[in-house]
Amino acid sequence: MIRIFCFSGTGHSMAVARYFAESLKTETTDITQKKTIPCTESEISIIVFPVYCGNIPKIVKSVLPKINSKYFVLIATYGRISTGNVLWESARLVKGKVIAAEYVPTGHTYLDEPAEFDAEILKPVLKRIKQPKEIVVKKERKGILPYIFPNLRSHLGVKISRTADCNKCDLCKRSCPMQAISGGKISKNCIRCLRCVKTCPRNALEVTYNPLLKKYLKKNIKNI
Ligand SMILES: Cc1cc2nc3c(=O)[nH]c(=O)nc-3n(C[C@H](O)[C@H](O)[C@H](O)COP(=O)(O)O)c2cc1C
């Protein structure tokens, strides 16, 4: 049995997970709904998640060792800035053999780019799923930035605030993978994934970016 697990803030990783689901005629499970992680072992688990500040998002990091599977396919989407060493790090966290690991460049959350990706990158991965064989995931140069207070950097760079359009429906609270919203307030547990902003049916959550962050993104984004 093949299972697909995904964490997605704004839908980019979900688009990739859906591509696998359609190609393999199966469904996608939201990795943040911990109760839905099955205890039975799958033959193959495909895990799709974004790179956050050159790291594995902490919600994903905590779930990876809990997934029971013989083989793993690891897919990390990223906004064409940097990937850190996320695939190698996640390969060390899963309990099973890694048969494919791929970075998928896509739109950057903070530049409000669409969730587009080149499906050609994933075709060799689909082949490996049909004939599973363990691979060695290469360690890459991570650089220093991912180690420098990643959460603090997100908090300083991105502010989320409620506008008068909020009708307190609590959809944002229920969508938050970190349970960081309570009484309309956003706590320090927030990872700035912007899922709440995307979920709000009234667009009542406003995002403001630190100009330095915007400048950094525009300067460093690669055209792939
Ligand atoms: C908190 C945060 C940190 C990010 N850090 C990086 C990064 O280090 N390198 C990069 O290329 N993209 C980075 N991005 C962009 C996302 O990796 C990219 O847009 C991803 O496809 C978003 O997937 P999602 O919509 O499934 O959450 C970051 C996005 C967020 C929200």
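We did not get these values from a lab; they are worked out from the coordinates using the rules stated. The model shown is predicted, which means the values in this text are computed figures rather than measured ones. Here Cβ is always computed from backbone atoms with ideal geometry, including for glycine, and neighbour counts include all displayed protein chains.
Project the alpha carbons of the stretch 1-47 onto their principal axes and report the range along each, largest first, in whole Å.
29, 24, 12
Kirkwood Rh, the stretch 146-220, all Cα pairs: how many Å?
On the way: mean 1/r = 0.0761 Å⁻¹.
Roughly 13.1 Å, rounded to one decimal.
Can you spot the lysines whose alpha carbon is less than 22 Å from K168's alpha carbon? Ignore those fewer than 8 places along the same chain.
Reachable lysines: K159, K185, K188, K198.
Assigning unit charges at the beta carbon (Lys, Arg +1; Asp, Glu -1) and nothing else, what dipole magnitude in debye, to the nearest 20, does the stretch 2-130 show about its Cα centre? Walk me through the intermediate numbers first.
Numbers: 17 positive and 12 negative charges, 135 e Å.
Taking the Cα centre of the stretch 2-130 as origin, the dipole is about 640 debye.
Grab the other residues whose beta carbon is less than 14 angstrom from that of P105, score K and R as +1, D and E as -1, and report the net.
Details: positive: R80, K222; negative: E102, E113, E116, D118, E120.
My count for the surroundings of P105 gives -3.
Student exercise: in the stretch 1-121, how many lysine pairs 8 or more apart or on different chains have Cα atoms under 20 Å apart?
Lysine pairs satisfying the spacing and distance rule in the stretch 1-121 number 19.
Show me the GluC sites (Glu not before Pro) within the stretch 131-224 that DSSP assigns to loop and that have at most 12 other Cβ atoms within 10 Å of their Cβ. Don't skip to the answer; put the middle values down first.
Numbers: sites: E134, E140, E206; in loops: E134, E140.
Filter output for the stretch 131-224: E134.
Give me the orientation-averaged projected area of the Cα convex hull of the chain, in nm², one decimal. Mind showing how you got there, number by number?
Numbers: hull surface 49.0 nm².
Here the figure is 12.3 nm², rounded to one decimal.
Using a 4.7 Å Cβ cut-off, which Cys residues in the chain lack a partner cysteine?
C6, C39, C53, C166, C169, C176, C190, C193, C200
Show that you can apply the helix-only estimate: for the chain, add -39,500 (n - 2.57) for every DSSP H stretch of four or more residues, divide by all residues, and state [θ] at 222 nm to the nearest 500.
Working: 8 runs with 63 residues, N = 224.
For the chain, the value works out to -7500 deg cm²/dmol.
Using alpha carbons only, what's the Rg to Rh ratio of the stretch 2-130 with Rh from Kirkwood?
Details: Rg = 13.2 Å, Rh = 14.4 Å.
Rounded to two decimals, Rg/Rh equals 0.92.
Sorted by average packing, counted as other Cβ atoms within 10 angstrom per residue and highest first, what order do 46-58, 10-22 take? It would help to have the intermediate numbers written out before the result.
Numbers: 46-58: 23.8, 10-22: 21.1.
Descending mean neighbour count gives 46-58, 10-22.
Could you work out the relative contact order of the chain? I mean the mean sequence separation of Cα pairs under 8 Å and 6+ apart, divided by the number of residues, in percent.
Details: 404 pairs, mean separation 39.5, N = 224.
After rounding, I find 18 percent.
Choose one of L111, G157, I129: the residue whose Cα lies farthest towards the positive end of the charge dipole of the stretch 110-175 (beta-carbon charges +1 Lys, Arg; -1 Asp, Glu; about the Cα centre).
Among L111, G157, I129, the one farthest towards the positive end of the dipole of the stretch 110-175 is I129.
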